[in-house]
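Here is the structure we will look at.
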Amino acid sequence: MKKAFFVFALLAAPLSAQQPAFDFSIKNMMRGPELYGRAPGNVRWSADSKWIYFTWLEPGRPFYEQPTLFRVRAARGSKPERVSIPAQDSTGATFFLAGFSHEKRLASVSYGGDLYVTNLATGTSRRLTQTVGAERNPQFGVGDKAMYFTRDDNIYSIDLASGFLRQLTDIRQGPAPVDSATTYAGQRGSLAKQQRELFQSVRDLLRADSIQKADRALRASLAVKPVYLNKGESIDEMSISPLGRTALFTTTNAADGARRTHVPSFITRSGYEEEIQGRTNVGDAASKGRVGLLDVTTGSVKWLSVFPGDSSSSILLSGNDADGQPGVMFLGWNESGDRAAFFSHSTDNKIQTLYSIDGNGRMKALDTLRDSAWVGGPCFGCGGWFDHGHRLWYVSERDGFSHLYTTNADGTDTRQLTRGRWEVRDVAMSRDERTFYLTTNEPSPFDQHLFRMSVNGGAREKITTKPGKHTAVVSPDKRLVADVYSYVNRPPELFVLANHPGAETAQLTTSPTPEWLSHNWIVPEIVSIPASDGVQVPAHIYRPSDMGAKPNGAAVIFVHGAGYLHNVGNFWSEYPREYQFNQYLAAHGYVVLDVDYRGSDGYGRDWRTAIYRHMGGRDLQDQVDASKYLNATYHIDPERVGLYGGSYGGFITLMALFTEPKHFGAGAAIRSVTDWAHYNNGYTSNILNLPQSDSLAYRQSSPIYFAQGLEDPLLMLHGMIDDNVEYIDIVRLEQRLIELGKTNWWLASYPVERHAFVRPDSWTDEYNRIFDLFERWLPEGAPKK
């Protein structure tokens, strides 16, 4: 790969000549977003396409301050302005657009738990509700005379002309009540019969009861019929037909017997130890639920079987523990309201089926994707209706890369609209349903651009041009594009440009401080590492010569976290502190590699699933091959190659030192998974199945089973209130190392930090320790271990 350099032209005012030099120290760099800023996020257009709303903070704000709402006019030279909290209610209705009327003149809005209707031509909004309850899922009815929505897990309608509000469903927790009338049999029945024969007063009471019962039945027939769920069951998600007659919904029922972890917190306001509720571990009892089609008129429910070959209506909802995908994802109803669509996902994560369903519950499987590893990929679950509700679009990894497909509502005339060894990352449709706006990494995984294409397919027009990462939103009138754009050495900023290829861009935000911008942050070259299986693995390389330094005979490999994450490319890193630290290492003589190993995002299905049933297999071998590359290219002794990384990167660091010690000389493992059987369900079960059914996958993937292989210095660092990879994980490994009699290992604990560290002093301590580890053991002349 050729070395890629790019001059990022700031459109803000030039830096003052009096600006002091940047303090290139670990302590200063670990201030993090106080220096390089907070990226503009949650970008939305106002209905009239004049304003861009986004969350952000001005440069230099303290680490504990959270992004808030800003807006900026969509014009060159405009300055962002904060939207005050009182003003957010009135302005939110102009940009949190949930859906459009059938004539595309109005938009439904759910903001702050209340409903609005916004005129798209004028940008003005009318408030429909102001309640304590949360109104959600607004949907225009056919004819645009009413709006349907949900509140407290029930469906309501509101007449847009009169404001008349009506409750359409009455869904309640079960069980259903039973008739309390007392019946008698045997000896007691005989006595009751005698009472009726003897006493007029008893006969009068029975007649009165009969009349009241008839009255109650008549009232009930005129009222909304209650729908009773099972005991402990509740509504999870609901999708209402524009006809207002039917609704799809999913339920959830808490796992019976599941055990949650508890995370102790020692540094508290009270001075007493407190507990943070954790999560369940992979393979524990999972939440279950059902998929139902509700007839709003009669209150009857048809429970659906959504998995091929499975007659049960029950689905597993591992996502209810906030760590996986739900069993069903709704794509909504078509324009006429007579058909809905949804994805279902099998409980073993290997089958995804796209269904359509009519108002009578007749289902049609439109597409079924099977994967011997697990279904997934970018834009997983993306889809929607178009062509006036006659066709569906969706994204699938069917050919090995995420691409865009369309099909008729009955599954006929399925078309693949994009193809190639690149991925569709996101899809949006123009309001007139004539154009797809695609975010893709075509033609290179190192860039992300916005394209537009006819809904019928054909040639794609590339709207953005600069190398880097573009996350773009087209204005409602289709004239402009709001683009959050980053390059390798410049963090994301908000730009605006005309919606045509090659348009000039105008920068609207400047997020870093002048101090940070004054420094010459490098653009690391992208190199290809020859892997042992013949694949070329991409990596960023930071050389001492890039920093004007002399080599010290040592190298460091940074291992990014998450596993499925993309970190090598012409864009701002997901690890900005490490991007700076890698340059600090290079300035002290280290050659540094940052590898997009197997399992990383951005390279298609085979790359994504190469770690199936063996984390620490092919992904670790890519790090081994990186060590061999450093030896072959820079003559660096493998014993002078260190590794560091957090989360999944910490896990790989442990596996490297435990199972491949001859290729590495020291490692720093941050917030590391040490035993996958102690991690969550949604992430882990995709890759390793369940521990009770695939113990081999868990054993060969968990560092704790290989701790006897430790030969080189190991530094472990972990937040004590980490509720993702919990502190108990590293404590168990610590005890294992003690029992094995291992030496030259250390554990640094951070009492107030969760998985993602927050405090600059914690970051500083952490990276000072990592740097000291490398300096002590890796450079030429360092003591032998």
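Structural remarks
- Residue check: ALA87 meets all listed conditions (1) in contact with a strand residue (DSSP E or B) (Cβ under 7 Å, 6 or more places away or on another chain); (2) among the small types (Gly, Ala, Ser); (3) more than 23 Å from GLN167 (Cα to Cα) but one, namely (1).
- Complete set of residues in segment 390-411 that are touching a Gly at 6+ places or on another chain (Cβ under 8 Å) and in a loop (DSSP other than H, G, I, E, B): GLU397, GLY400, PHE401, SER402, ALA409
- Within segment 117-127, the only residue that satisfies the criterion of being hydrophobic (A, V, I, L, M, F, W, C) and assigned to a strand (DSSP E or B) is VAL117.
- One residue alone among ILE526, ILE522 is at pLDDT 95 or above and touching a helix residue (DSSP H, G or I) at 6+ places or on another chain (Cβ under 7 Å), and that residue is ILE522.
- Residues of segment 399-424 classified as in contact with a Leu (Cβ under 8 Å, 6 or more places away or on another chain) and either surrounded by 17 or more Cβ atoms within 10 Å (Cβ to Cβ) or on the phi > 0 side of the Ramachandran plot (or both), total: 10
- Any hit, segment 81-94, residues being touching an Asp or Glu at 6+ places or on another chain (Cβ under 8 Å), open to solvent by 40 Å² or more (accessible area, probe 1.4 Å), at pLDDT 85 or above and not β-branched (Val, Ile, Thr): no
- Residues that are free of Cβ contacts under 8 Å to residues at least 40 places away in the same chain, out of contact with any helix residue (DSSP H, G or I) (no Cβ under 9 Å at 6 or more places or on another chain) and surrounded by 14 or more Cβ atoms within 10 Å (Cβ to Cβ), drawn from segment 61-80: PRO67, PHE70, ARG73
- Hits in segment 419-454 (condition: part of a loop (DSSP other than H, G, I, E, B), more than 23 Å from ARG608 (Cα to Cα) and of a type outside the set (D, E, K, R)): SER430
- Of all residue pairs spaced 6 or more apart or on separate chains, those with beta-carbon atoms under 7 Å, a first member in segment 224-246 that is closer than 13 Å to LEU293 by Cα and of a type in the set (Asp, Glu) and a second member that is open to solvent by 10 Å² or more (accessible area, probe 1.4 Å) and modelled with pLDDT of 90 or more are GLU237/PHE330.
- You will find that of GLY589, GLY599, GLY563, the residue that is open to solvent by less than 20 Å² (accessible area, probe 1.4 Å), closer than 25 Å to GLY650 by Cβ and at pLDDT below 95 is GLY563 and no other.
- Residues in segment 132-171 that are among the polar types (S, T, N, Q), touching a strand residue (DSSP E or B) at 6+ places or on another chain (Cβ under 7 Å) and without any contact (Cβ under 8 Å) to a residue 40 or more places away in the chain: ASN154 only.
- The one condition in (1) surrounded by 14 or more Cβ atoms within 10 Å (Cβ to Cβ); (2) touching a His at 6+ places or on another chain (Cβ under 7 Å) that GLU275 fails to fulfil: (1)
- Just one of the listed residues (LEU688, LEU710) is surrounded by 15 or more Cβ atoms within 10 Å (Cβ to Cβ), in contact with a strand residue (DSSP E or B) (Cβ under 9 Å, 6 or more places away or on another chain) and farther than 18 Å from PRO264 by Cβ, and it is LEU710.
- Take the conditions (1) open to solvent by 10 Å² or more (accessible area, probe 1.4 Å); (2) over 30 Å from HIS678 (Cβ atoms); (3) β-branched (Val, Ile, Thr); (4) assigned to a strand (DSSP E or B); VAL291 misses just one of them, which is (1).
- Criterion: in a strand (DSSP E or B), farther than 18 Å from TYR485 by Cα and small (Gly, Ala, Ser) - qualifying residue of ALA562, ALA539: ALA539
- Taken over segment 354-384, the residue count meeting the criterion of being over 26 Å from GLY299 (Cβ atoms), open to solvent by less than 30 Å² (accessible area, probe 1.4 Å) and among the aromatic types (Phe, Trp, Tyr) is 1.
- Take the conditions (1) open to solvent by 20 Å² or more (accessible area, probe 1.4 Å); (2) on the phi > 0 side of the Ramachandran plot; THR347 misses just one of them, which is (2).
- Total residues in segment 95-116, condition part of a strand (DSSP E or B) and open to solvent by 60 Å² or more (accessible area, probe 1.4 Å): 2
- Some residue of segment 652-663 being over 25 Å from the mean Cα position of the chain (by Cα), farther than 20 Å from ARG736 by Cβ and open to solvent by less than 20 Å² (accessible area, probe 1.4 Å): no
- Residues of segment 459-475 that turn out to be part of a loop (DSSP other than H, G, I, E, B), open to solvent by 30 Å² or more (accessible area, probe 1.4 Å) and in contact (Cβ under 8 Å) with a residue 40 or more places away in the chain, as a count: 3
- Whichever residue in segment 278-288 is of a type in the set (A, V, I, L, M) and crowded, with 19+ Cβ neighbours inside 10 Å and, among such residues, is farthest from ASN253 (Cα to Cα): VAL282
The values are calculated or read from the model by the stated rules, or taken from the named source; none is laboratory data. From a predicted model like this one, the values you see are computed outputs, not experimental measurements. Heads up, the Cβs are rebuilt from the backbone with ideal geometry, glycines too, and the neighbour counts pull from every protein chain shown. Surface areas here come from the heavy atoms of the whole protein model, side chains and all, with no ligands, DNA or RNA. Shrake-Rupley method; radii C 1.70, N 1.55, O 1.52, S 1.80 Å.
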